[in-house]
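Q: Before I ask anything, let me first share the structure, which is written out below as structure tokens.
The values are calculated or read from the model by the stated rules, or taken from the named source; none is laboratory data. Bear in mind that the values here come from a model prediction, so they are computed numbers and not experimental data. Please note: Cβ atoms are built from the backbone with ideal geometry, for glycine as well, and neighbour counts cover all protein chains shown.
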Amino acid sequence: MSDFAGRTERYRRELHVHCYRMLASFDDAEDAVQETMLRAWRGRSGFSGTRLRAWLYRIATNVCLDVLRDRSRHPAHSFPEMPWLQPYPDRLLDEPSDGGDRPDTAAVSRETIELTFLTATQALPARQRAAFLARDVLGFSAAETAELLGTSVAAANSALQRARTTLRERLPARRADWVSPGPSEAEREVLTRFIEAHERGDAEAAVAISAPGLRIAMPPRPEVFTGARALIPLLGRAVAEGEWRLVPSAANRMPTAASYLRRPGDGRFRAFKFDVLQVEGGLISEITTFGAELFPAFGLPLFL
């Protein structure tokens with residue numbers, strides 16, 4: 001029995017990433033993986049002993065489909081339509097699971113974990129999303145995908161083709177920098193300048209490293225701010241709240257700043273938010289701001 005648990009545990013991290021892609025929520029993915037491991041343990045007597053990874057992915061996918069069905073999550077087309085969206089810590093993409101193995105390379109590649117990709121796939125109906133992830137991200141065969149979905153090869157292929165058509169309309173052309181394992185040196189330099197500007201409260205410096213068409217989203221809030229000049233009033237309100245300290249981090253293979261705020265009269269800086277940056281052509285094209293709930297998952301303290 002302990003041998004079975006050890007064999008399944010080695011896939012925990014990549015299953016977590018798969019569930020995250022399906023659900024777009026770190027916390028929901030954690031719950032889904034726990035349920036996957038429980039169902040695998042309960043069903044171990046029916047496992048033939050071969051193709052363990054595919055068997056676990058089938059369980060995990062069906063757990064996610066159950067979650068999506070139970071919570072009545074409809075396809076979403078933008079950040080404001082995804083109040084459940086959470087970032088994914090890069091440290092967990094590279095860290096071995098308890099079983100000692102690192103996640104499969106395809107499971108954690110940059111182009112399929114960035115927020116742009118994640119948002120696009122959330123526009124797909126659940127079963128199309130599952131078919132696309134199985135075939136085009138994980139590299140499963142048509143027969144394996146059909147088995148994973150409990151359907152015919154023809155039906156699985158049809159779902160895949162519909163998903164591909166939708167994503168061709170929603171995803172930008174494949175970018176060379178998406179294949180890198182994480183933020184590039186140029187992106188880290190932009191992040192450093194972003195941190196310095198925000199700690200100084202220098203709105204013009206922040207505007208200078210932002211694209212004119214900058215978009216700022218703050219899930220679960222529905223507002224979306226557009227234009228680099230939108231940073232000026234936002235940063236002004238932030239400065240009025242107190243003193244800031246920002247720490248470089250990385251989420252979804254993207255440069256990220258973890259922000260701490262010390263309000264007037266407080267003796268400590270407290271975890272406040274993440275800003276995940278999309279950098280294109282040396283400028284910030286998108287900022288997605290998240291709350292502080294996942295600081296522990298990022299290995300960050302709640303106080304400075």
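Q: Scan segment 239-277 for residues that are under 26 Å from residue 186 (Cα atoms) and over 20 Å from the mean Cα position of the chain (by Cα) and report the count.
A: 4
Q: Another one. Collect the residues in segment 200-212 that are within 26 Å of the chain's Cα centre (by Cα) and surrounded by fewer than 17 Cβ atoms within 10 Å (Cβ to Cβ), keeping them in residue-number order.
A: Within segment 200-212, 212 is the sole residue that qualifies.
Q: If a residue has to be surrounded by 13 or more Cβ atoms within 10 Å (Cβ to Cβ) and not aliphatic (A, V, I, L, M) to count, how many in segment 45-76 make the cut?
A: 12
Q: Out of 133, 93, 68, which single residue is closer than 20 Å to residue 253 by Cβ, part of a helix (DSSP H, G or I) and modelled with pLDDT of 90 or more?
A: Residue meeting the stated conditions: 133.
Q: Considering only residues that are hydrophobic (A, V, I, L, M, F, W, C) and touching a residue at least 12 places away in the same chain (Cβ under 8 Å), which ones fall in segment 131-155?
A: Of all residues in segment 131-155, those hydrophobic (A, V, I, L, M, F, W, C) come to 131-134, 137-138, 140, 142-143, 146, 148-149, 153-155.
Passing the criteria: 131, 132, 133, 134, 137, 138, 140, 142, 148, 149.
Q: Further question on the same structure: Out of curiosity, is residue 188 among the charged types (D, E, K, R), more than 17 Å from residue 291 (Cβ to Cβ) and not assigned by TED's automatic domain parsing to the domain that holds residue 110? Please lay out each step first, then the result.
A: Values: among the charged types (D, E, K, R): yes; more than 17 Å from residue 291 (Cβ to Cβ): yes; not assigned by TED's automatic domain parsing to the domain that holds residue 110: yes.
Taking the combined requirement at face value, the residue satisfies it.
Q: Now a separate question. Against the conditions (1) in contact with a Phe, Trp or Tyr (Cβ under 7 Å, 6 or more places away or on another chain); (2) modelled with pLDDT of 95 or more, where does residue 219 fall short? Just the number, please.
A: Failed condition: (2).
Q: Criterion first (over 18 Å from residue 209 (Cβ atoms) and not in a strand (DSSP E or B)) does residue 297 satisfy it?
A: In short, yes.
Q: Is there a residue being out of contact with any strand residue (DSSP E or B) (no Cβ under 8 Å at 6 or more places or on another chain), crowded, with 22+ Cβ neighbours inside 10 Å, in contact (Cβ under 8 Å) with a residue 60 or more places away in the chain and assigned to a loop (DSSP other than H, G, I, E, B) anywhere in segment 11-21?
A: yes
Q: Of all residues in segment 126-166, which are surrounded by fewer than 19 Cβ atoms within 10 Å (Cβ to Cβ) and among the aliphatic types (A, V, I, L, M)?
A: 142, 143, 153, 154, 155 - these are the residues of segment 126-166 that are surrounded by fewer than 19 Cβ atoms within 10 Å (Cβ to Cβ) and among the aliphatic types (A, V, I, L, M).
Q: Taking the condition outside any strand (DSSP E or B), at pLDDT 95 or above, within 30 Å of residue 213 (Cβ to Cβ) and not acidic (Asp, Glu), does residue 292 pass? First the steps, then the outcome.
A: Values: outside any strand (DSSP E or B): yes; at pLDDT 95 or above: yes; within 30 Å of residue 213 (Cβ to Cβ): yes; not acidic (Asp, Glu): yes.
In short, yes.
Q: Are there any pairs, at least 6 apart or on different chains, whose C-beta atoms fall under 8 Å, with the first in segment 284-304 and outside the structural domain of residue 273 (by TED's automatic domain parsing) and under 21 Å from residue 197 (Cα atoms) and the second crowded, with 20+ Cβ neighbours inside 10 Å and modelled with pLDDT under 95, and if so, which?
A: Hits for this filter: zero, empty list.
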